[in-house]
Each structure stands twice: as structure tokens, then as C-alpha cells.
């Protein structure tokens with residue numbers, strides 16, 4: 001028995017540094033994750049408030065303006081999210097679902113639940129510099145098509161940018177909710193080909209929900 005124990009210790013001592021931690025961490029993550037992405041996912045989720053606090057069902061109010069200049073005006077909306085499955089717009093007449101709306105995946109991504117989804121495949125991408133800000137990134141596929149790349153600031157590990165389809169979405173002015181979850185209060189969209197701004201979105205209020213409003217529960221898969 002003593003000889004067997006010594007053999008195990010000897011075997012562990014020759015494993016590459018950090019392999020034990022990586023294997024242990026893999027067991028706590030969902031989806032198909034490259035070893036290099038594991039510590040980065042943990043950093044991003046921790047910076048976003050921790051996995052148990054990430055937004056799931058929630059209402060949010062925002063002001064969206066299509067155009068290349070933020071005039072301070074725009075359409076004011078109130079929504080209920082069960083991203084990436086559903087996005088309902090609320091009005092005095094009730095709820096209207098935004099069916100087949102790609103933006104529901106963007107909202108889901110900035111909640112960081114794309115990083116904990118069991119159907120996600122996640123790998124690292126090369127670091128980039130966005131202006132003067134250094135970013136590290138993760139490519140998410142499987143759970144979203146086409147794949148999207150999430151970039152995080154090296155100094156804070158907060159989400160700074162998503163490259164998806166033909167657009168770049170930049171996130172800033174992060175707020176912390178009483179639950180501990182964090183969310184961006186400002187999103188600006190750019191066209192990748194031209195680099196020109198095409199929308200502004202100001203998130204003015206977010207309320208986490210323990211469950212969907214009763215009228216919407218029947219639509220939940």
C-alpha cells in the first residue's frame with residue numbers, strides 16, 4: 001500500500017504545472033471548453049457578479065436610438081427577457097414577443113450566461129487592442145450561430161465588446177444590482193465594414209425576476 005501511494009505521488013509530480021487545477025475546474029464548467037478558456041471564463045463570471053447572480057429572467061427598460069449621433073431621444077421600451085429564447089415588449093395592451101430577433105442573443109451574451117450554457121463551445125482568441133484598451137477574448141459557438149466573440153478588458157475583466165455577424169457592439173458604464181449582478185448601462189453598435197455607429201442603447205433599469213410573469217409562462221419551452 002505504501003509503495004502504491006509513493007507511485008501515485010511520483011506520477012502526480014511529473015504532470016505539467018496547473019493540470020490538476022484545470023481538470024478540477026473543468027468539472028465545474030458546462031459545455032465544451034478549451035483548457036485555456038477555463039480560467040478566463042471564471043474571471044469573467046466573477047467580474048460579472050458570480051454565476052449564481054447572473055441574470056436569467058428579468059425586466060429591463062431602455063432607450064434605443066438608430067443613427068450615428070446620440071441626440072438623447074429615441075424609443076423608450078420596457079421588456080421581459082428569457083434570453084436567448086424569448087424577448088417580450090411590454091405595452092398597456094400586454095406583451096408582444098420579438099420573434100426571430102437576433103438581439104436576444106446579444107442580451108443573453110452580456111448577461112454572461114452564454115459562458116455557462118451546456119451547449120456552448122468556448123475557446124480563446126488572440127488578445128486585441130481597442131483604442132487604448134487591452135482586451136482578451138473568448139469565442140462562443142454551438143449555442144449561438146454564427147459564433148460570436150466576447151472581449152473583456154484586461155484591467156477589470158468586464159465585458160467591453162462583442163463581435164458578431166456584421167457588427168461590433170461596445171459595452172460601458174457598468175452598474176451593479178442589489179443582487180450583485182452587473183450589467184452595462186450603455187451599448188453602442190458599429191458596422192464592422194465601415195466602423196460607423198448605427199445605434200445607441202441606454203439601459204435605464206433592470207429588475208431580476210424569480211420567474212416569468214404568469215401570462216408568459218405558457219410560452220416557456
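The values are calculated or read from the model by the stated rules, or taken from the named source; none is laboratory data. All figures in this text were calculated on a predicted structure; none of them were measured in a lab. Cβ atoms come from the backbone with ideal geometry, glycine included; neighbour counts cover every protein chain shown.
Please indicate, with yes or no, whether at least one residue in region 18-34 is surrounded by 11 or more Cβ atoms within 10 Å (Cβ to Cβ), at pLDDT below 95, in contact with a strand residue (DSSP E or B) (Cβ under 8 Å, 6 or more places away or on another chain) and not in a helix (DSSP H, G or I). Yes: one or more hits.
Within region 136-144, does at least one residue satisfy the condition of being touching a residue at least 12 places away in the same chain (Cβ under 8 Å), outside any strand (DSSP E or B), touching a helix residue (DSSP H, G or I) at 6+ places or on another chain (Cβ under 9 Å) and farther than 28 Å from residue 97 by Cα? I'd like the intermediate steps shown before the answer.
Within region 136-144, the subset touching a residue at least 12 places away in the same chain (Cβ under 8 Å) is 136-144.
Narrowing the set further to residues that are outside any strand (DSSP E or B) leaves 142-144.
Within this subset, residues satisfying the condition of being touching a helix residue (DSSP H, G or I) at 6+ places or on another chain (Cβ under 9 Å) are 143-144.
Pick out the ones that are also farther than 28 Å from residue 97 by Cα and you get none.
No; the residues of region 136-144 include none that is touching a residue at least 12 places away in the same chain (Cβ under 8 Å), outside any strand (DSSP E or B), touching a helix residue (DSSP H, G or I) at 6+ places or on another chain (Cβ under 9 Å) and farther than 28 Å from residue 97 by Cα.
Among (1) within 19 Å of residue 60 (Cα to Cα); (2) out of contact with any strand residue (DSSP E or B) (no Cβ under 6 Å at 6 or more places or on another chain); (3) without any contact (Cβ under 8 Å) to a residue 40 or more places away in the chain, which single condition is residue 210 missing? Residue 210 satisfies every listed condition except (3). Checking each residue in region 146-163 for being out of contact with any helix residue (DSSP H, G or I) (no Cβ under 7 Å at 6 or more places or on another chain), under 24 Å from residue 85 (Cβ atoms) and either at pLDDT below 95 or part of a strand (DSSP E or B) (or both) picks out 149, 163. When residue 219 is tested against the conditions (1) surrounded by fewer than 16 Cβ atoms within 10 Å (Cβ to Cβ); (2) at pLDDT 95 or above, the lone failure is (2).
Within the set 64, 107, 140, 128, the sole residue that is surrounded by fewer than 16 Cβ atoms within 10 Å (Cβ to Cβ), modelled with pLDDT of 95 or more and touching a strand residue (DSSP E or B) at 6+ places or on another chain (Cβ under 8 Å) turns out to be 128.
Among residues of region 118-132 that are without any contact (Cβ under 8 Å) to a residue 24 or more places away in the chain and at negative phi, those with a Cβ under 6 angstrom from a residue that is in a strand (DSSP E or B) and surrounded by 15 or more Cβ atoms within 10 Å (Cβ to Cβ), sequence gap 6+ or separate chain, pair up as 128/135. Among the residues of region 166-191, those identified as surrounded by 12 or more Cβ atoms within 10 Å (Cβ to Cβ) and in a loop (DSSP other than H, G, I, E, B) are 177, 179, 180, 181.
Is it true that some residue in region 123-133 is within 20 Å of residue 186 (Cβ to Cβ) and outside any strand (DSSP E or B)?
Residues of region 123-133 that are within 20 Å of residue 186 (Cβ to Cβ), as a first pass: 130-133.
Add one more test, that the residue is outside any strand (DSSP E or B), and what stays is 131-132.
Scanning region 123-133, I find at least one residue that is within 20 Å of residue 186 (Cβ to Cβ) and outside any strand (DSSP E or B), so the answer is yes.
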